[in-house]
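Bear in mind that the values in this text are calculations on the coordinates, not laboratory data. Computed from a predicted model, the values in this text were never measured in an experiment. Positions of Cβ are backbone-derived with ideal geometry, glycine not excepted, and every protein chain shown enters the neighbour counts.
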Amino acid sequence: MDHVHLRFDGWIAGLGTTGGTRLVVGHWPGSPFGPVTDVMIEHPGGHRLLLAETAELARFVALTYTFDEVRVVPITVDRSPAAWTVTAGPLHLRFTTGGRGVLGRLLHAVPAALARHLLWVRLIDLPARLLRGVRTYGSAGNGRREWYAVRDLHHVTTATAVFDGTDLGRLAPVDPPVRFGFGSAPRSPSLVRITTTVEVGSGDEERP
């Protein structure tokens, strides 16, 4: 069967809270579904929730990753160079970012064309595993494959998060790793500039 590569270009923010909730925000100005955002949440008890901006995005992401619950909700993202505010249904999240650090500077130095090349992404998968839970290439749900081409990384320095009116606590590491797919977010709260490529079958009914 022939395969099709679908590309999502944007940012992923991964952070934890002292209350035990871990959040992964995917903000995609460029995607097969147009400009969209999704939020993956794992609560302290292990319940995995997807908040997606459209029904089409929700179906696609739910077939690629694993969740206990999926909701389609209005999502807005306001961002400046150092501060993001994300409102997604019951979630209100605000976080600020700082400098790149050594890893961020190394990633930023790689030419964009090389960083997005699928062979390069596979080559750096092994060193990426030195960061607990992090992968750049792997198998996803329903026979799909994914490549995570990270092009920049900034530390998340502060965060406030409220879910259904409950304060989730202060900023904390992403610990334990989230369990949505084959890879987690870095343990240290981070915002990454990324191009994600998902390989699906040409006859996949859920592709755009």
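Taking 0.36 nm per residue of sequence separation and removing the Cα-Cα distance, the R145/D2 pair yields an extension gain of 50.2 nm. Label-to-label distance for H92 and V72 is 2.6 nm, based on points extended 7 Å past Cα in the beta-carbon direction.
Highest mean first, the peptides 166-175, 46-55, 71-80, 13-22 sorted by other C-beta atoms within 10 Å per residue fall in the order 13-22, 46-55, 166-175, 71-80. Fully extending the segment from T160 to T85 would add 26.0 nm, taking 0.36 nm per residue of separation and subtracting the current Cα-Cα distance.
Rounded to the nearest whole Hz, the Karplus-based 3J(HN,Hα) values (6.51 cos²θ - 1.76 cosθ + 1.60, θ = phi - 60°) of the stretch 12-21 follow the sequence 10, 10, x, 7, x, 10, 5, x, x, 7, with x at glycine and proline.
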